[in-house]
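Heads up, the thing below is written out as structure tokens.
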There are 4 protein chains.
Amino acid sequence: MSSEHKTDVSATLIVSCPDQKGLIASVTAFIRERNGNIINLEQYVDPIENHFFMRIEWDFAGFEIGVDLFKKRFQEVIASPFKMEWSLYTSDERPRMAVFVSQHAHCLYDVLSRYQAGEWQVEIPLIISNHPDLEPAAKNLDIDFHVLPVTKENKKEQEEKELALLKQYHIDFVVLARYMQILSDDFVRHYPHRIINIHHSFLPAFPGARPYHSAYERGVKIIGVTSHYVTAELDGGPIIEQDVVPVSHTDRVEDFIRKGRDLEKVVLSRAIWQHLNRKVTVFKNKTILFS
Amino acid sequence: MSSEHKTDVSATLIVSCPDQKGLIASVTAFIRERNGNIINLEQYVDPIENHFFMRIEWDFAGFEIGVDLFKKRFQEVIASPFKMEWSLYTSDERPRMAVFVSQHAHCLYDVLSRYQAGEWQVEIPLIISNHPDLEPAAKNLDIDFHVLPVTKENKKEQEEKELALLKQYHIDFVVLARYMQILSDDFVRHYPHRIINIHHSFLPAFPGARPYHSAYERGVKIIGVTSHYVTAELDGGPIIEQDVVPVSHTDRVEDFIRKGRDLEKVVLSRAIWQHLNRKVTVFKNKTILFS
Amino acid sequence: MSSEHKTDVSATLIVSCPDQKGLIASVTAFIRERNGNIINLEQYVDPIENHFFMRIEWDFAGFEIGVDLFKKRFQEVIASPFKMEWSLYTSDERPRMAVFVSQHAHCLYDVLSRYQAGEWQVEIPLIISNHPDLEPAAKNLDIDFHVLPVTKENKKEQEEKELALLKQYHIDFVVLARYMQILSDDFVRHYPHRIINIHHSFLPAFPGARPYHSAYERGVKIIGVTSHYVTAELDGGPIIEQDVVPVSHTDRVEDFIRKGRDLEKVVLSRAIWQHLNRKVTVFKNKTILFS
Amino acid sequence: MSSEHKTDVSATLIVSCPDQKGLIASVTAFIRERNGNIINLEQYVDPIENHFFMRIEWDFAGFEIGVDLFKKRFQEVIASPFKMEWSLYTSDERPRMAVFVSQHAHCLYDVLSRYQAGEWQVEIPLIISNHPDLEPAAKNLDIDFHVLPVTKENKKEQEEKELALLKQYHIDFVVLARYMQILSDDFVRHYPHRIINIHHSFLPAFPGARPYHSAYERGVKIIGVTSHYVTAELDGGPIIEQDVVPVSHTDRVEDFIRKGRDLEKVVLSRAIWQHLNRKVTVFKNKTILFS
């Protein structure tokens, strides 16, 4: 039961393993026996791969053991026998997010507006850009803004600097707010399923550059945008959120861009919200979105 | 795990009760101990009323006890102590549905098209109408079609005949496919949350008669339709499904009606599908829709 | 002004030509001078190609000249000097449509339901199928149903028979209601922009076979369907209508198919409606949809 | 033809009058005869009231007469004989907009983000609030921020100050960005169809206070927002834009509010864009939205 406990701390456990009988009964009994009141439970079994996923949130206030002991015991009693992968979060954590941006302002401005308005439980200590243009927006909110222009020649070197900054600022996950550089496989490997991109097309239609122009050229009647985790394959990572808006023959490419802009910022922010609330897990390049 | 077991029989249990610790653990253990493999579990706690709801579906093939014994034991061991309301279904049941219709053909035709194409696991032995117009469609599919014209004077009497027919045909639930008569409270009381209506507005906007005309008059930019369970309050019952379509100033009332027609039949059919698949439960005049 | 004149005959003129000054003034003056009251005018200029399009509908009741004289004079006075392509329709025409279908029933049933309910101003004298399964639905409505099974070997020959049937029944345009054969370029050439297909993906994503399976595989969060005119390029013709429906990780391929089915029939019917109402024109593989 | 002329000045004429023959021919001839190249023309006749509306945009660069002479001549030659109401705009004007806001930040932040990013052709010299909280956002962009707290007692007096400020800053139109005060009829009368409000429900459902709470209470499956011009009737003015987002039983009121927030800012901004681009006209409490 959720709203009554809002001020209290809750714990969220996400587990996955090959499906078998007794999984739900075992995990819920484990929590029950330590006096945990389950606020929310959601489970899913992939019907092709026969793989089990569950997200459980419970009231941590009256829980009989702390985080460290939970981790030890849960591994022994449940996770090892069931060959589970799992992670535990508590609701008082405040993840640290970095934003990468180029010159398009709208996604960054939207992220910062939400940050300023306190919509999200997050820290944003760092913005990295290959252009200096958007620095003033960061300054207003006392966020460090690092300019690292990227060329074919210096890309490797600049990515190393970026990785060093991410480490230095203890960044948990990265948001590409219309960042117009392709990150190398090596970079991506450091943040698996922890780099969120917004692509301005309804993937898998129109991957790559200038999707609005391609959509205009093709004469589609609806355009879309896609937020996804970045993987080695360009615009091929697990999709988190998509949304669409109708267009007509009277819309020029500029209108596609204008209408798409509003979608991009909203869909990117929805993906960030899902990620922050531990409602996304990834399996075989697809997301499972808990509700 | 669902798709592998499609040809087998599964059982679906829907429970509700005041929330307390241990509910999920107790129910899942009960099923587990009788060798039940849970295919799907979905739970929800109403945050205002602190009331618990759960839908569990499990493989009935290898289950150690039959339906009758399950009902007995579950009542004793779980339902009584937790003060649960519950119902059990098995996937080989084929609910019996009656359709009420007047002169608008589109919803009836759509229901019958799906019936004929085998989209639903349902029997439709009976159609009741206050007009003879649509009888041929019933005849094509060998469905009995009873004409019961309703006037202010004969309403009570005709409803009694309708109730007798529903009983005679062993009807489980009723679909109002644009039936243009208001059912009496007394009639509705015989089928609580088992009469599905389609109302051609985005409720609670424009209840009652001629909603497209009212929407046109008001100059809305989107119109909608609503499927809901019928209760004593006109167009006030628990909402199952809603959907919308954009309109513009260039659309006349006729265009509202044309666009709305397509919504009506699709949204009504979605509600029927949810009902047939035991995915709807009602609490305090609101539906909980399991996914 | 439209609704008052519904019982009267109106004329619809669709013109296109390279853009230049005075086009609207010239055409509207031509109609005005013959006592035509314009009910509706919509124009569009392609901003890349600088090409002009206009659809004008006017009250034909009090118009001073008939169709034949109009065609002669309009060609001389307006069309020739402006190098216009144009066509004229009157609202009392009743186009003749043929349906091609295979074994999926839902689109055909939906088309026939609308036909039976009188939603469209159309004649459907002919259904062609490569399977005999859906013949009963045609019989109910006294529509001729021809079975022409297609193999790699007999394709050319069967298409010739199909073309002969289309000619024999004086067919104006063809609707592919989930017809699972690819028409040859030669066939398509006989009905340029007069064959309407429904493809069960959000084109240009997932062209070709089994798009729902591909969409499931990719993990998209929204699926769509596309109605388009058939051209030589598979699923590459001018798009008329598209629509989408959300899906989630809990939806299996069967659910994609079920949700998609409802979209397919509605979007196909919207495209047919647009075509029947002379609201579509094609330029450079894109449609201009008049409202 | 539009995109080629983007750097040039265009003129937009919006006219309305009782419908009669020859309206389009007369106006287009008037423009043609003065060497105007029509970029865009859109007309509409209200089918109930038989009233004609037209929006014409033409290239002003090569036009033979200036604004003042146009106004004089057009009134004499066209507007007077046809009893037209009309207004003329040129694309180099930059309307002046004031924002009223209370404590909800998201709409204001979104408006200012777009202003800062140069999305709109507008000046925003003035923000008025009944709370001091959001002043810093205005300061960042050098916009004057006036705090005018409103109580039942001082309302009349404060509105007079507000009107004086609007006059002093030469404000053309006002945007209520979740301003939580109801403006008096007298205030509204000063800016007919020039005050844009965003209401956080799908009007006419849930007018007035706390619509998300009412929507939650009713158990709707979709929530919406509505931007409209403010009139004397609370939430009863002409609707400019509406949009919706699905909700489910798992969404609490807080989730309705969170999801609605994203809609509110996007729909308000769409309405502002339409207004700025002279694409809205009002007739009998309904908007005509040119495309």
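Couple of notes before you dig in:
- Three-way shape call for region A:147-208 based on the alpha-carbon gyration tensor, with the a/c threshold at 1.5: oblate
- Net +/- balance of residues flanking C:Asn35 in space, Cβ distance below 11 Å, scoring K and R +1, D and E -1: 0
- 222 nm mean residue ellipticity, helices alone, for chain D (DSSP H n ≥ 4; -39,500 (n - 2.57); rounded to 500): -9500 deg cm²/dmol
- Shape call, region D:74-116: gyration tensor on alpha carbons, a/c limit 1.5: prolate
- Share, in percent, of DSSP beta bridges within region D:120-230 that are antiparallel, nearest 5: 35 percent
- Antiparallel bridges, percent of DSSP beta bridges restricted to chain C (to nearest 5): 70 percent
- Under 9 Å, Cβ to Cβ, from A:Cys17 - net charge with Lys/Arg +1 and Asp/Glu -1: -1
- Positive minus negative residues near B:Arg261 (Lys, Arg vs Asp, Glu; Cβ under 10 Å): +1
- For chain B: relative contact order, % (alpha-carbon pairs under 8 angstrom, 6 or more apart): 14 percent
- Largest to smallest principal axis extent of the C-alpha atoms in the protein assembly as shown, angstrom: 89, 74, 69
- Separation in nanometres of the label points that stand 7 Å from Cα toward Cβ, at A:Asp8 and B:His170: 4.9 nm
- Sorted by Cβ density within 10 Å, fewest first, the residues A:Leu166, C:Leu88: C:Leu88, A:Leu166
- Net charge dipole, region B:10-90: roughly 220 debye, given to the nearest 20, about the Cα centre with Cβ charges of +1 for Lys and Arg and -1 for Asp and Glu.
- DSSP H segments from chain C that extend 18 Å or more along their own axis, Cα-based, with Kyte-Doolittle mean of -0.5 or above: C:253-276
- Highest-MSF residue in chain C out of C:Pro18, C:Pro47, C:Pro132 [GNM, Cα springs under 10 Å]: C:Pro47
- The protein assembly as shown: antiparallel DSSP beta bridges as a percent of all, rounded to 5: 70 percent
- Ranked D:Lys156, A:Lys279, D:Lys71, criterion: other C-beta atoms within 10 Å, fewest first: D:Lys156, D:Lys71, A:Lys279
- Centre-to-centre separation between the Cα atoms of region C:69-94 and those of region D:211-282: 46 Å.
- Tensor-based shape of region D:96-289 (alpha-carbon gyration tensor, a/c under 1.5 rounded, otherwise prolate or oblate): rounded
Bear in mind that the values in this text are calculations on the coordinates, not laboratory data. Since the model is a prediction, treat every value here as computed from it, not as a measurement. A quick note on method: Cβ atoms are made from the backbone with ideal geometry, for glycine too, and the neighbour counts reach across all protein chains shown.
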